[in-house]
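Undergrad: This is the structure, below, for whatever I ask next.
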Amino acid sequence: MHPEHPGNTAAERAVTAYQPTPLPPAVVVQQAPMVPVQPGAVPSVASIVLPDGRVVTGYAVNPAQPEPLAAKPPVSRAAVNAALGGVGFLAVCGGLLLLTTFIAALTALITQLITLAAVCFGGFVAVQIFKPHGHQGGTTVNIRKAIFKRNHFNG
């Protein structure tokens with residue numbers, strides 16, 4: 001409800017017509033002679049039909065553009081180069097660390113394989129030496145009593 005019309009009902013408001021207040025004409029001060037210029041683009045004219053049948057025609061108003069964001073200060077090339085150099089240095093250090101770890105693991109694996117082969121071969125030789133043999137044909141030599149001289153066996 002409007003404070004100047006406290007007793008208006010819905011029916012009275014539907015009938016009440018408000019007239020716009022005309023504006024005084026603008027005073028144009030000519031500082032330079034006006035030269036007619038063809039506009040780059042013809043603005044579109046919009047017409048709206050109100051519910052009571054009146055037609056309002058006018059130019060479309062462009063929506064307000066938001067203010068542009070403050071420009072970010074440019075990043076110096078020295079800072080970019082330092083950052084990229086740091087990333088590259090860390091990548092190289094990480095790669096060398098991984099390579100060193102891989103070489104150490106490979107060395108440990110090879111050492112364990114050699115140790116395993118030595119234990120297996122030593123066990124095989126021990127079994128052959130200490131295995132009780134029956135008399136199997138051929139010459140049986142008692143090594144404790146044998147004398148070796150120039151690859152000849154003298155017993």
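Undergrad: Grab the Cα-Cα distance for VAL125 and ALA79, subtract it from 0.36 nm times how many residues apart they are, and report the gain in nm with one decimal.
TA: Result: 9.7 nm gained on full extension.
Undergrad: Largest first, how would CYS120, CYS93 line up by accessible area (1.4 Å probe)?
TA: I get CYS120, CYS93, largest accessible area first.
Undergrad: Using each residue's phi in region 89-102, evaluate 6.51 cos²θ - 1.76 cosθ + 1.60 at θ = phi - 60° and report the 3J(HN,Hα) Karplus result to the nearest Hz, with x for Gly and Pro.
TA: 4, 5, 5, 5, 4, x, x, 5, 4, 5, 5, 4, 5, 4
Undergrad: When all protein chains stay in place, what accessible area (Å², nearest 10, 1.4 Å probe) is found for PHE102?
TA: Roughly 130 Å² of PHE102 is accessible to a 1.4 Å probe.
Undergrad: Continuing with the same structure: Report ³J(HN,Hα) in whole Hz for each residue of region 68-85, in order, from the Karplus equation J = 6.51 cos²θ - 1.76 cosθ + 1.60 where θ = phi - 60°; Gly and Pro get x.
TA: x, 5, 4, 5, 6, x, x, 7, 6, 5, 5, 5, 5, 5, 5, 5, 5, x
The values are calculated or read from the model by the stated rules, or taken from the named source; none is laboratory data. Because the structure is a prediction, the values reported are computed rather than measured. Ligands, DNA and RNA are excluded from the accessible area calculation, which covers all protein heavy atoms including side chains. Shrake-Rupley method; radii C 1.70, N 1.55, O 1.52, S 1.80 Å.
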